[in-house]
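Engineer: My structure is below; once you've seen it, I'll send some questions.
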Amino acid sequence: MSARPPYLAAVTTYYSTTKNNNNNNMSKPASQEFLDSNQYTRHSVLRYERIFGHTWVSTGGETTTKDFLITMGLVPGQRVLDVGCGTGGSAFYMARHYGVHVHGVDLSTNMIDIAQDRHIREDNYVKSKVKFEVGDITKIELPKQSYDVIYSRDTILHIPTKEQLFKTFYSWLKPGGTVFITDYCRGDQQHSQEFLSYVEKRGYDLRTAKGYGKVIEAAGFTQVEATDLTPTFINILTNELKYFKPQYQAFIKDYSEKDYKEIVEGWETKLVRCRSGDQAWGMFKARK
């Protein structure tokens, strides 16, 4: 069995034992037009990379990706579906360091345009193993039993039809295949109006970590791990701010003071939501 990063020992893991199809939808699904013209404009995506790291638009960037991947037992030649691949950070990393073939899919055309720009500049080894596609993961058709791993980082929060989505993932995986997800979640409590307004504005569908795990199990998966990583999330957000704030002068040369304040205030607000119990961050792993 692959080693677990030390920080995972300090968080709560739930092993789902019952099937539950309760749907705690809090929003409508985000459309491609909504994402490309709001949260994920090209300007916003590149701005996010200044705090996440070059080619990264998910929590912890390369650091968390490296830690998560050592738990997955990737083998050269395997096929990985990267759902919500963003600007390509995980796809390029997996191909380069693990020798796997990665098919990256994202609903945002801006994300994929940037990923394709980077793909062109990659060496031939990585180029041959990575491909990107603009697509709605709830609608595209892929061959059944064609992937060894389905991987997604902080993306499925945009999709309210999680029950059907994980059934589809199950059909795409080869027998014995792995699904690995990190995602924004909600705390198991009554929520503040500020949090509910934030979720509605972003078009998110957030579940509790335990409830998310039950959705995965109900799709047919076994060995379901649903881990609440909120303490880790708080540490990551704190560190990202620590290293981003001193870059003020360099950042505003490329962007603006307004952009800088929006990132800092956004991260600080996420910290408040997590510490109050409204927002959470989960890691989910299961086998077919």
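The values are calculated or read from the model by the stated rules, or taken from the named source; none is laboratory data. Because the structure is a prediction, the values reported are computed rather than measured. Cβ atoms come from the backbone with ideal geometry, glycine included; neighbour counts cover every protein chain shown. We work out accessible area using only protein heavy atoms, side chains counted, and drop any ligands, DNA or RNA first. Shrake-Rupley method; radii C 1.70, N 1.55, O 1.52, S 1.80 Å.
Engineer: Would you pick out the residues in the range 256-271 that are farther than 25 Å from SER152 by Cα and open to solvent by 50 Å² or more (accessible area, probe 1.4 Å)?
Structural biologist: GLU257, LYS258, LYS261, GLU262, GLU265
Engineer: Which of the residues belonging to the range 272-288 are surrounded by 15 or more Cβ atoms within 10 Å (Cβ to Cβ) and touching a residue at least 60 places away in the same chain (Cβ under 8 Å)?
Structural biologist: Passing the criteria: ARG273, GLY277, ASP278, GLN279, ALA280, TRP281, GLY282, MET283, PHE284, LYS285, ALA286, LYS288.
Engineer: Let me ask you something else. What about ILE234, is it crowded, with 21+ Cβ neighbours inside 10 Å and part of a helix (DSSP H, G or I)?
Structural biologist: Working: crowded, with 21+ Cβ neighbours inside 10 Å: no; part of a helix (DSSP H, G or I): yes.
Here the answer is no, as ILE234 does not meet what is asked.
Engineer: Looking at this structure, is VAL149 of a type outside the set (Asp, Glu), in contact (Cβ under 8 Å) with a residue 40 or more places away in the chain and under 24 Å from ALA226 (Cα atoms)?
Structural biologist: Considered against the rule, which asks whether it is of a type outside the set (Asp, Glu), in contact (Cβ under 8 Å) with a residue 40 or more places away in the chain and under 24 Å from ALA226 (Cα atoms), VAL149 comes out as yes.
Rundown of residues vs (1) touching a Leu at 6+ places or on another chain (Cβ under 9 Å); (2) open to solvent by 50 Å² or more (accessible area, probe 1.4 Å); (3) at pLDDT 95 or above; (4) not hydrophobic (A, V, I, L, M, F, W, C), yes/no style:
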site: PHE166; (1), (2), (3), (4): no, no, yes, no
site: TYR170; (1), (2), (3), (4): no, yes, yes, yes
site: LEU173; (1), (2), (3), (4): yes, no, yes, no
site: GLY177; (1), (2), (3), (4): no, no, yes, yes
site: THR182; (1), (2), (3), (4): yes, no, yes, yes
site: ARG186; (1), (2), (3), (4): yes, no, yes, yes
site: GLN190; (1), (2), (3), (4): no, yes, yes, yes
site: GLU200; (1), (2), (3), (4): no, yes, no, yes
site: THR208; (1), (2), (3), (4): no, no, yes, yes
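Engineer: For the range 83-118, what are the residues that are crowded, with 19+ Cβ neighbours inside 10 Å and more than 25 Å from ILE70 (Cβ to Cβ)?
Structural biologist: LEU107, SER108, ASN110, MET111, ILE112, ILE114
Engineer: I've got another one for you. Given the condition over 30 Å from ARG273 (Cα atoms) and touching a Pro at 6+ places or on another chain (Cβ under 8 Å), answer yes or no: does some residue in the range 169-190 qualify?
Structural biologist: yes
Residue by residue, here is whether (1) modelled with pLDDT of 90 or more; (2) out of contact with any strand residue (DSSP E or B) (no Cβ under 8 Å at 6 or more places or on another chain); (3) among the β-branched types (Val, Ile, Thr) holds:
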residue	(1), (2), (3)
ASN20	no, yes, no
PRO29	no, yes, no
ARG42	no, yes, no
ARG50	yes, yes, no
THR64	yes, no, yes
LEU69	yes, yes, no
PRO76	yes, yes, no
THR87	yes, yes, yes
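Engineer: Return yes or no: is GLU225 more than 15 Å from the chain's Cα centre (by Cα), farther than 24 Å from ILE114 by Cα and either small (Gly, Ala, Ser) or open to solvent by 30 Å² or more (accessible area, probe 1.4 Å) (or both)?
Structural biologist: No: the conditions fail for GLU225.
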